[in-house]
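Structure, as C-alpha cells:
The values are calculated or read from the model by the stated rules, or taken from the named source; none is laboratory data. Since the model is a prediction, treat every value here as computed from it, not as a measurement. Here the Cβ positions follow ideal geometry from the backbone for every residue, glycine too, while neighbour counts run over all protein chains shown. These accessible areas exclude ligands, DNA and RNA; they are computed on the full protein's heavy atoms, side chains included. Shrake-Rupley method; radii C 1.70, N 1.55, O 1.52, S 1.80 Å.
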Amino acid sequence: MESLEQIKIRLEAAVPGAQVEILSNDSPSAQRSLLPDRAHAFAVARFLRDDPQLCLDYCSNVTGVDWPEMEISLKVKVKKVIEGVEKEVEEVTKTLRPGFLEVVYHLYSMAMKHGPLILRVRTGNRHDQVQMPSFTPVWRSCEFQEREVYDLFGVVFDGHPDLRRILMWDEFKDHPMRKDYCEPDDYEYEPTPHDDVLEKAKRHPSAEVTP
Amino acid sequence: MIEEGLKNELAKQGVVLTTLQELYNWGRGNSVWPLSFGLACCAIEMMAASMAKWDIARFGSEVFRPSPRQADLMIVAGTVTKKMAPQVVRLYNQMPEPKYVIAMGACAISGGPFKQGYNVLKGIDRLLPVDIHIPGCPPRPEALLHALITLQKKIETQALTGPNRPRHLDAAAPSEFPVPEFGEHDIVPAMNPRLWKPTPVVR
Amino acid sequence: MSIVTASPVPRNYEVIPKTSLDGSELDGELLEVAMGPQHPSTHGVFRMDVVLDGETVVKLKPVFGYLHRNHEKIAENTSYLGSMPYTDRLDYFCSLTNNWAYALAVERLAGLQVPERAEFIRIITAELTRLQNHTSVCGFLLQDMGALGTPLMYAFREREKILDLFEALTGARMMCNYMRFGGCRCDLPPGWLDRVRKIVDDFPRFLDSYEALLNTNEILLARTQGVGRLPRALAISAGITGPMLRACGVDYDIRKVDHYGIYDRFEFRIPLGEHGDVYDRYMIRLLEIRESLKILQQALKAVPGGPVIDPKAKLRGFRPKAGEAYGRIEGPKGELGFYLISDGSPNPYRYRVRPPSLINLTILEDMCLGQSVADAVVTLGSVDIVLGEVDR
C-alpha cells in the first residue's frame, strides 16, 4: 500500500476542500491514522473504497473512543536570558483540550490483500455536537458496529438506516462506555488494595446498614 | 411407622414396604426434567453433561424440555444480564410447581468475574429462590451431576405435611415472583427484598 | 454535511410475491414472532424478531444484548494481564484463539518478541481449537435441522478428547487462560505432544465416518443446498469473515494474508465454496478441519526446544508506551481483532474486541428474506455464532 502521505495528497486532490491530517503513533506497532474533517469524511470514505489503487472494500472494525476534556501539560525548553546569561529553562505550558468523541475505522482490502488503513472521525464535542456521517452506505459492516457506538458512546450517525440501541434496552438513558459514566452501585466490594475501590465501597448503600 | 430393621429384613425376603411420602419423593427425585435454557459459557458444560461422556440420563434428567410448562428444574447456566433478568423470572413463573432452581457457576451465584459490569445481575438469588449453588467458572460437568444428586437428596427429605412442607404443597406460599422492568438506569426493582437482602459490611 | 438516506441494500419486503397452491394470491395477515431469547434453536440468548407471511420470512430483525457482560468496560478498569481471563469468556468455544488474538495485539503495542517454541505451541493449540469448534458447529447445525442427538453426540465425543488435552496443558477444559504477552504461560507437560499426535492421527477416521454418514444425506442436501445464499459482493461489503466468507468463494484467510505467528512455514490450502449457501459453509468447515490436521502434522514434527516466553516480557506492572495497535487473527469464526489504545498507564485507555460473530450476523436478514422460517433456523445455525462474543 502507498504511504499515508501519498494517500493524503491524492485524497485532497480527489475530494475538493477536504482537510486530512495524519496522526502519529509512537508505539512499536507504528499504525498511523488519517483524520479527515467531518464535513468531507463521507466523500473521503467513498474515495478510499472506490479508488482502484487502494480498493479498501472491507471495513473490519469500528470503534468509539471517548476523550473527555483534559488538561495537557507540555514541558517545553525555552532559551531565556537570566541575569545576562542565556540559559535553557523548562517551562510547563498547560492547554485545555476540549472533549470530543472519536470513531475509528480499520479498513482493509480483500481484493488487494493490504491494510490496515486507519480512518478516524471526530465529533464537535461530547454534548450537543455528536453527529457525524454514517459509513453504513459505504461499508455494510458498519451497520451493527455504528449502532453499538451510538449505544455505548452516544455518537449520532447521520444517514444510518436503523439507528437504535443495540446492546442495552431501549429505555436506557446513559452511554456506559463513556469515561464519566457511573454504573449502578449494586454490588458488594471485596477487600482490595485499590484506594478508589475502597472509596467507592464507603459510598455503597449497604455500608449504612452496619453500625 | 415401621421400624428400619424390620423393613430391611422384609426387603431381604422380597417384601418391599414403603410410605406414600417416600414413594412420591422417589418418583419425583428420579425424573427431574430440566428446562433447556442456556445463558452463557456454563450452558456448554451443561450440554457436555448431557452428552455421552457424563451422561446425565443416569440420573433421570436427560429430558431437556424446551418449554417451561413441562420442566421441573431451571438450571441458570451462565451470566444473567439485566436485559435478560425479566425473561428469566418470567420463565420461572411459567414453570409449574414443584419447581427447583440450580444456580450454576460463579456468574449465576454472584455475578462472578463480571460482577462490576453495569449490565450484569449480581446473582440470580436476588430475583429467584435458589435451591442449589454450584461454584466454578464454569463448573465441570461432574459438579453439575453433584448438584443434581444434592437436589435429589433434598427432594427425598421433603415432608408431605406439616409446617416444613415444601412450597408447592403450601397454598399460601408464592409460586410466582415479580418480574422486574427496564428502567432508565437499571432494572426496577433491582432485587426482590423478600428473597435477598444486601450483605452487611463489617469494618 | 451530506446526509445519505438510501439503504445500501433494498429492504422492501412487499416485493416478495405471495403465492398459494391454486395460484391465486393469498391475502393473509402478517404474523410477528419473537424467536428467543429463550429458544432452543437460537444458540443461546439470541433473539430474532421475525415477520412472517404464512411461513415466509418477510422481515427479520436480530435483537442483541442479552449477554452483554461489559467486557470492554471491565477491561478498561483492569490491567493488561487482568483482561486475559476475560478473553476466554468471549467465544467460550475457542478460548485459546481468543487468548492469542489479545496477546498478539499487546505484543504489537509493546513490541514484544515470541520465542520459537511458543509460536509452535500457539499454532498447535489454535488448530486444535479450530478442530473442536468446527466439529461442534457441524453438530449444532445438524441439531437445528432436526437430527436430534446423534451428530452432536459424535461431535462432542471428539471435542471431549481435545478438551482433555487442553486440561492437561492449561488446567482448565474451557477457560484456558494460557497465552501471555511474549509467549505462553507454562511449558508442555511430559508426553503431551504424543497425546496430540495420537488424536491427530485418529481424527481422520472420525471425519471419514462423519462425512460418510452426512455429506450425501438426502435430508441434509434438501435442507441446505440453495438455502441462505449470500452474494459475494455483499459478503465483502458486510465484512463477513471466516468460513462464511470463504463459502462465497472469496479467498481471504488471515493466516495467509497477514502471516501472523509462523503460519507461512506450513503448507496448507484454503478451501473455497462456490454457491455461498448453507451446504457450502458446512462443507468448508469439514474441509478446513482436514487442512488444520495437515498443519498439526507438520507442526508436531518440528517443535523446537527453548523457552516458552520472552524473558524480557514483564507481566506484572506492564505499562506499554502511549500509542495504539490493532492485532487480528483468523479465529475459527472469522477475523478476531483486538484494538488497544494505551496512554502509558497500567490499564488500557481503550480496549475493543472486533467480534466476528456479531459482524457475521449483519446479513442474517438478507440471507433469510423470502425463505421459510425453518430455513431461517438453519441459516442461523450455519453462521456459527457464540453469544458471549456477539454481545461481549
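Out of the residues in region A:156-176 that are under 17 Å from A:Ser141 (Cβ atoms) and more than 10 Å from chain C (Cβ to nearest Cβ), which is least open to solvent (accessible area, probe 1.4 Å)?
Filtering region A:156-176 for residues that are under 17 Å from A:Ser141 (Cβ atoms) and more than 10 Å from chain C (Cβ to nearest Cβ), the one least open to solvent (accessible area, probe 1.4 Å) comes out as A:Phe157.
Quick one: C:Ile359 ticks every box in (1) within 13 Å of chain A (Cβ to nearest Cβ); (2) out of contact with any Pro (no Cβ under 6 Å at 6 or more places or on another chain); (3) assigned to a loop (DSSP other than H, G, I, E, B) except a single one, so which number is it?
(3)
With the structure loaded, tell me whether A:Ser27 is modelled with pLDDT of 85 or more, touching a Leu at 6+ places or on another chain (Cβ under 7 Å) and hydroxyl-bearing (Ser, Thr, Tyr) or whether it fails that test.
Values: modelled with pLDDT of 85 or more: no; touching a Leu at 6+ places or on another chain (Cβ under 7 Å): yes; hydroxyl-bearing (Ser, Thr, Tyr): yes.
No, not satisfied.
One residue is enough: does region A:127-135 have a residue meeting the conditions in the same structural domain as A:Arg38 (by TED's automatic domain parsing) and within 18 Å of C:Arg354 (Cβ to Cβ)?
Filtering region A:127-135 for residues in the same structural domain as A:Arg38 (by TED's automatic domain parsing) gives A:127-135.
Those still in the list that are within 18 Å of C:Arg354 (Cβ to Cβ) too: A:135.
So far as region A:127-135 goes, yes, one or more of its residues are in the same structural domain as A:Arg38 (by TED's automatic domain parsing) and within 18 Å of C:Arg354 (Cβ to Cβ).
Condition check ((1) more than 8 Å from chain A (Cβ to nearest Cβ); (2) open to solvent by 30 Å² or more (accessible area, probe 1.4 Å)) across all residues:
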residue	(1), (2)
C:Gly305	yes, yes
C:Glu324	no, no
C:Pro355	yes, no
C:Ala376	yes, no
C:Val390	yes, no
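Of all residues in region A:135-150, which are touching a His at 6+ places or on another chain (Cβ under 8 Å) and closer than 15 Å to A:Pro36 by Cβ?
none
Are there any strands (runs of 3 or more DSSP E) wholly within region A:1-101 with 2 or more residues that are touching an Asp or Glu at 6+ places or on another chain (Cβ under 9 Å) and small (Gly, Ala, Ser), and if so which?
Ranges flagged: A:58-67.
Hey, C:Arg69 hits all of (1) over 22 Å from the mean Cα position of the chain (by Cα); (2) facing another protein chain (nearest Cβ under 8 Å) but one; which does it fall short on?
Tallying (1) over 22 Å from the mean Cα position of the chain (by Cα); (2) facing another protein chain (nearest Cβ under 8 Å), C:Arg69 fails exactly one: (1).
Please specify each residue of region A:39-87 satisfying the condition of being over 30 Å from A:Lys179 (Cβ atoms) and open to solvent by 100 Å² or more (accessible area, probe 1.4 Å).
The answer is A:Arg46, A:Pro52, A:Gln53, A:Lys77, A:Lys79, A:Val81, A:Glu83, A:Glu86, A:Lys87.
Do you know which residues across region C:99-142 are within 14 Å of chain A (Cβ to nearest Cβ) and open to solvent by 10 Å² or more (accessible area, probe 1.4 Å)?
C:Leu104, C:Glu107, C:Arg108, C:Ala110, C:Gly111, C:Leu112, C:Gln113, C:Val114
For C:Leu315, are the conditions met, namely being closer than 20 Å to C:Val377 by Cβ, touching a Phe, Trp or Tyr at 6+ places or on another chain (Cβ under 9 Å) and either within 14 Å of another protein chain (Cβ to nearest Cβ) or open to solvent by 20 Å² or more (accessible area, probe 1.4 Å) (or both)?
Working: closer than 20 Å to C:Val377 by Cβ: no; touching a Phe, Trp or Tyr at 6+ places or on another chain (Cβ under 9 Å): yes; either within 14 Å of another protein chain (Cβ to nearest Cβ) or open to solvent by 20 Å² or more (accessible area, probe 1.4 Å) (or both): yes.
Taking the combined requirement at face value, the residue does not satisfy it.
Let's see how each residue does on (1) among the basic types (Lys, Arg); (2) in a loop (DSSP other than H, G, I, E, B); (3) away from chain C (no Cβ under 11 Å); (4) closer than 20 Å to B:Cys41 by Cα:
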site	(1), (2), (3), (4)
B:Val63	no, yes, yes, no
B:Ile75	no, no, yes, yes
B:Val88	no, no, no, yes
B:Pro96	no, yes, yes, no
B:Ile102	no, no, yes, yes
B:Pro113	no, no, no, yes
B:Gln116	no, yes, no, yes
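Just name the residue that is farthest from the other protein chains (Cβ to nearest Cβ) out of those in region C:72-81 that are open to solvent by 10 Å² or more (accessible area, probe 1.4 Å) and not in a helix (DSSP H, G or I).
C:Ser79
Take the residues in region B:149-174 that are over 17 Å from the mean Cα position of the chain (by Cα) and charged (D, E, K, R), then tell me which one is least open to solvent (accessible area, probe 1.4 Å).
Going through the qualifying residues, I end up with B:Asp170.
Only one of these is out of contact with any helix residue (DSSP H, G or I) (no Cβ under 7 Å at 6 or more places or on another chain) and open to solvent by 10 Å² or more (accessible area, probe 1.4 Å): B:Gly111, B:Gly38, B:Gly60. Name it.
Answer to the check: B:Gly60.
For region C:13-27, indicate whether the set of residues that are at pLDDT below 90, part of a strand (DSSP E or B), open to solvent by 10 Å² or more (accessible area, probe 1.4 Å) and over 30 Å from C:Lys321 (Cα atoms) is non-empty.
No: zero hits.
Could you tell me whether C:Ser382 is surrounded by 23 or more Cβ atoms within 10 Å (Cβ to Cβ), small (Gly, Ala, Ser) and touching a residue at least 12 places away in the same chain (Cβ under 8 Å)?
Values: surrounded by 23 or more Cβ atoms within 10 Å (Cβ to Cβ): yes; small (Gly, Ala, Ser): yes; touching a residue at least 12 places away in the same chain (Cβ under 8 Å): yes.
So C:Ser382 passes the test.
Taking region B:106-135 as the search range and keeping residues that are modelled with pLDDT under 90 and of a type in the set (Gly, Ala, Ser), which one is nearest to the chain's Cα centre (by Cα)?
Selected residue: B:Gly123.
Yes or no: region B:175-192 includes at least one residue that is under 16 Å from the mean Cα position of the chain (by Cα) and open to solvent by 30 Å² or more (accessible area, probe 1.4 Å). Can you show your working first?
Our first condition is that a residue be under 16 Å from the mean Cα position of the chain (by Cα); within region B:175-192, this holds for B:175-177.
Those still in the list that are open to solvent by 30 Å² or more (accessible area, probe 1.4 Å) too: B:175-176.
Yes, that holds for at least one residue.
Among the residues of region B:19-60 satisfying the criterion of being part of a helix (DSSP H, G or I) and among the hydroxyl-bearing types (Ser, Thr, Tyr), which is farthest from the other protein chains (Cβ to nearest Cβ)? Before you say what the answer is, go through the steps one by one.
Initial filter on region B:19-60 (part of a helix (DSSP H, G or I)): B:20-29, B:41-50, B:56-59.
Imposing the further condition that a residue be among the hydroxyl-bearing types (Ser, Thr, Tyr) reduces the set to B:24, B:50.
Details: B:Tyr24: 30, B:Ser50: 9 Å.
If we take residues in region B:19-60 being part of a helix (DSSP H, G or I) and among the hydroxyl-bearing types (Ser, Thr, Tyr), then B:Tyr24 is farthest from the other protein chains (Cβ to nearest Cβ).
For region A:15-56, enumerate the residues that are without any contact (Cβ under 8 Å) to a residue 60 or more places away in the chain and either within 11 Å of another protein chain (Cβ to nearest Cβ) or touching a Ser or Thr at 6+ places or on another chain (Cβ under 6 Å) (or both). Show your work before the answer.
The first filter runs over region A:15-56 and keeps only residues without any contact (Cβ under 8 Å) to a residue 60 or more places away in the chain, leaving A:15-22, A:24-30, A:37, A:39-40, A:43, A:47, A:50-53, A:55.
Residues satisfying the conditions are A:Ser24, A:Asn25, A:Asp26, A:Ser27, A:Pro28, A:Ser29, A:Ala30, A:Asp37, A:Ala39, A:His40, A:Ala43, A:Cys55.
In region C:159-199, what count of residues is obtained for those that are within 14 Å of another protein chain (Cβ to nearest Cβ) and either out of contact with any Cys (no Cβ under 8 Å at 6 or more places or on another chain) or open to solvent by 50 Å² or more (accessible area, probe 1.4 Å) (or both)?
14
So which of A:Ile22, A:Ile72 ends up being outside the structural domain of A:Ser134 (by TED's automatic domain parsing), β-branched (Val, Ile, Thr) and touching a Lys or Arg at 6+ places or on another chain (Cβ under 9 Å)? Reasoning before the result, please.
On the way: A:Ile22 fails: outside the structural domain of A:Ser134 (by TED's automatic domain parsing).
Testing whether each residue is outside the structural domain of A:Ser134 (by TED's automatic domain parsing), β-branched (Val, Ile, Thr) and touching a Lys or Arg at 6+ places or on another chain (Cβ under 9 Å) leaves just A:Ile72.
Could you list, in sequence order, the residues of region C:291-338 that are farther than 30 Å from A:Val65 by Cα and either assigned to a loop (DSSP other than H, G, I, E, B) or within 17 Å of the chain's Cα centre (by Cα) (or both)?
Once the filter is applied, which keeps residues that are farther than 30 Å from A:Val65 by Cα and either assigned to a loop (DSSP other than H, G, I, E, B) or within 17 Å of the chain's Cα centre (by Cα) (or both), region C:291-338 yields C:Glu291, C:Ser292, C:Ala302, C:Val303, C:Pro304, C:Gly305, C:Gly306, C:Pro307, C:Val308, C:Asp310, C:Pro311, C:Lys312.
Pull up region C:255-283, narrow it to residues that are among the hydrophobic types (A, V, I, L, M, F, W, C), surrounded by fewer than 22 Cβ atoms within 10 Å (Cβ to Cβ) and in contact (Cβ under 8 Å) with a residue 40 or more places away in the chain, then point me to the one that is farthest from C:Leu207 (Cα to Cα).
Looking only at region C:255-283, we keep the residues that are among the hydrophobic types (A, V, I, L, M, F, W, C), and these are C:257, C:262, C:266, C:268, C:270, C:272, C:278, C:283.
From the residues that got through so far, the ones that are surrounded by fewer than 22 Cβ atoms within 10 Å (Cβ to Cβ) too are C:257, C:262, C:266, C:268, C:270, C:272, C:283.
Narrowing the set further to residues that are in contact (Cβ under 8 Å) with a residue 40 or more places away in the chain leaves C:262, C:266, C:283.
On the way: C:Ile262: 27, C:Phe266: 22, C:Met283: 12 Å.
This residue is C:Ile262.
Please determine whether any residue of region C:356-365 is farther than 30 Å from A:Met70 by Cβ and over 18 Å from the mean Cα position of the chain (by Cα).
The first filter runs over region C:356-365 and keeps only residues farther than 30 Å from A:Met70 by Cβ, leaving C:356-365.
Those left that are additionally over 18 Å from the mean Cα position of the chain (by Cα): C:365.
Yes, that holds for at least one residue.
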